[in-house]
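Student: One structure follows; several queries about it will come next.
Read the figures in this text as sums done on the coordinates, not as results from a lab. Since the model is a prediction, treat every value here as computed from it, not as a measurement. Backbone-built Cβ (ideal geometry, glycine too); neighbour counts: all protein chains shown.
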Amino acid sequence: MPSTRIETRSGWIGERKQDLIEAVQRALVSALKIPEHDRCVRLLEYDEDSIITPPGRGPSYLVVEVTLFSGRTTDAKRRLYTTLVEELAAFGVPAGDIKTILVEVPAESWGLKGLPASELDLGYKIDV
């Protein structure tokens, strides 16, 4: 049940916004083994004067921040980092222009349907 935010400069994606969002979703499904219907990916674009990036990064520099339940293995996280690089290469984003941040939250600190997620059957494993 990850909640994902993509942040980047405006302008370089053009008409491919939905395609970029879907590429990130595919990486989440593949690497974290979440169901395809588990979707919460947002794209935020910033004007040039509203973002600074590390020196040497290109105009497609982006940050993918994934808030997710605690419990994924290091291998699953590694798969996510690798799969994001593979998926975003189709948009011309070099591996060095991708920063991925995972924010792990205990299931009891995530509310769904008025209940802590720890009290719900999510329908999939998080310790992958």
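Student: Cross-chain or 8 or more residues apart, Cα under 25 Å: how many lysine pairs in the chain fit that? Count them up, please.
Tutor: Number of lysine pairs found: 10.
Student: Quickly rank 74-82, 1-9, 106-114 as a protection proxy: mean count of other C-beta atoms within 10 Å, highest first.
Tutor: 1-9, 74-82, 106-114
Student: Right, here's the next one. List the relative contact order of region 3-119 as a percent without decimals, with contacts defined as Cα pairs under 8 Å and 6+ residues apart.
Tutor: 33
Student: Among Ile126, Val64, Val93, flag the residue with its Cα farthest along the positive direction of the charge dipole of the chain, charges on Cβ as +1 for Lys/Arg and -1 for Asp/Glu.
Tutor: Ile126
Student: In the chain, what percentage of the DSSP-assigned beta bridges are antiparallel, given to the nearest 5?
Tutor: Around 35 percent antiparallel, to the nearest 5.
Student: Once you list every other residue whose beta carbon is under 9 Å from the beta carbon of Ser60, what net charge do they have if Lys and Arg are +1 and Asp and Glu are -1?
Tutor: Surrounding charge for Ser60 is +1.
Student: Can you work out the FRET efficiency for the pair Glu119 and Glu45, with r the C-beta to C-beta distance and R0 = 35 Å, to the nearest 0.05?
Tutor: 0.45
Student: Roughly how tilted is helix 17-32, in degrees to the nearest 10 and between 0 and 90, from the longest Cα axis of the chain?
Tutor: Roughly 40 degrees, rounded to the nearest 10.
Student: Now, a different point. For region 3-119, with only Lys/Arg (+1) and Asp/Glu (-1) charged at the beta-carbon, what is the dipole magnitude about the Cα centre, in debye rounded to 20?
Tutor: 300
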